[in-house]
1. Rounded to the nearest 500 deg cm²/dmol, what is the calculated helix-only ellipticity per residue at 222 nm for the chain, with -39500 (n - 2.57) per DSSP H run of length n ≥ 4?
2. So how much slack lies between residue 161 and residue 179, counting 0.36 nm per residue of separation and subtracting their Cα-Cα distance, in nm?
3. Tell me the relative contact order for the chain as a rounded percent, counting alpha carbon contacts under 8 Å between residues six or more apart.
4. For residue 97 and residue 19, what is the calculated FRET efficiency with R₀ set at 25 Å and r taken between the beta-carbons, to the nearest 0.05?
5. What is the Å³ per residue value for the convex hull set by the Cα atoms of region 1-106?
6. Give me the Kirkwood hydrodynamic radius of region 70-169 in Å, from all C-alpha pairs, to one decimal place?
7. Show me 132-141, 170-179, 101-110 ranked by packing, highest mean number of other Cβ atoms within 10 Å first.
8. On the first, second and third principal axes, largest extent first, how far apart are the outermost C-alpha atoms of region 2-233 in Å?
């Protein structure tokens with residue numbers, strides 16, 4: 001079969017896997033931010049605890065391995081193409097890698113703390129404090145990924161349907177926009193921060209526009225527009 005013996009066929013299989021894994025990853029990212037978080041704000045403590053113990057671990061399994069498969073297949077496509085890709089894909093891939101690192105280095109480690117606290121049923125002040133802090137760190141990284149997902153998906157589509165030629169200057173300006181946002185979402189999670197007790201919403205410990213679903217969507221659309229204008233003008 002040519003599809004498994006030719007470069008084009010293997011690339012097609014990698015693209016297929018990239019799409020499937022990416023849908024699983026980003027779909028669960030949106031579920032966590034748009035559905036689960038909003039539900040947890042209103043759920044009774046017993047219902048929330050049961051969900052954290054039984055539902056969240058299953059969702060996080062598919063979430064983190066979906067991210068892993070998305071990145072592996074994406075890198076495979078770039079290698080198969082010999083790095084012959086449009087500027088849009090490289091910027092989109094960079095954003096995707098930042099999101100992947102957030103999943104494995106921030107969101108998952110901190111969610112494990114939250115799940116362990118729920119499973120143990122500990123009411124000790126330190127355990128509650130540690131779980132609240134871990135949830136705040138995971139929540140900020142998750143919100144940052146949601147923001148990044150909007151321009152990332154646009155750029156991935158643009159790489160084939162609205163491509164831009166490579167420009168080192170445009171790449172540098174895009175990096176100057178993207179990196180501070182990435183640091184803002186990751187740095188608080190990589191250092192010790194006080195446990196958040198009175199933040200709104202309490203599940204996230206995030207203030208400002210990213211604290212709401214509408215706010216993070218507006219920020220994502222704004223970032224997409226900024227990156228597009230950079231690519232169009234430079």
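1. After summing the helix terms and dividing by residue count, I get -25500 deg cm²/dmol.
2. Values: separation 18, 0.36 × 18 = 6.48 nm, distance 2.58 nm.
This chain segment gains 3.9 nm when fully extended.
3. RCO, the chain: 24 percent.
4. Details: r = 18 Å, r/R0 = 0.71.
That gives a FRET efficiency of 0.90.
5. Working: hull volume 11.4 nm³, N = 106.
So the per-residue Cα hull volume is 108 Å³.
6. Every distinct Cα pair counted, the radius reaches 15.6 Å.
7. Taking the mean over residues of other Cβ atoms within 10 Å, the ranking is 132-141, 101-110, 170-179.
8. Here the spans come out as 57, 41, 28 Å, largest first.
The numbers here are math on the coordinates, done by the rules we state, and not lab data. Being a predicted model, the structure only gives us computed values, none of them experimental. For neighbour counting, all protein chains shown are included, and Cβ atoms are generated from backbone atoms with ideal geometry for every residue, glycine included.
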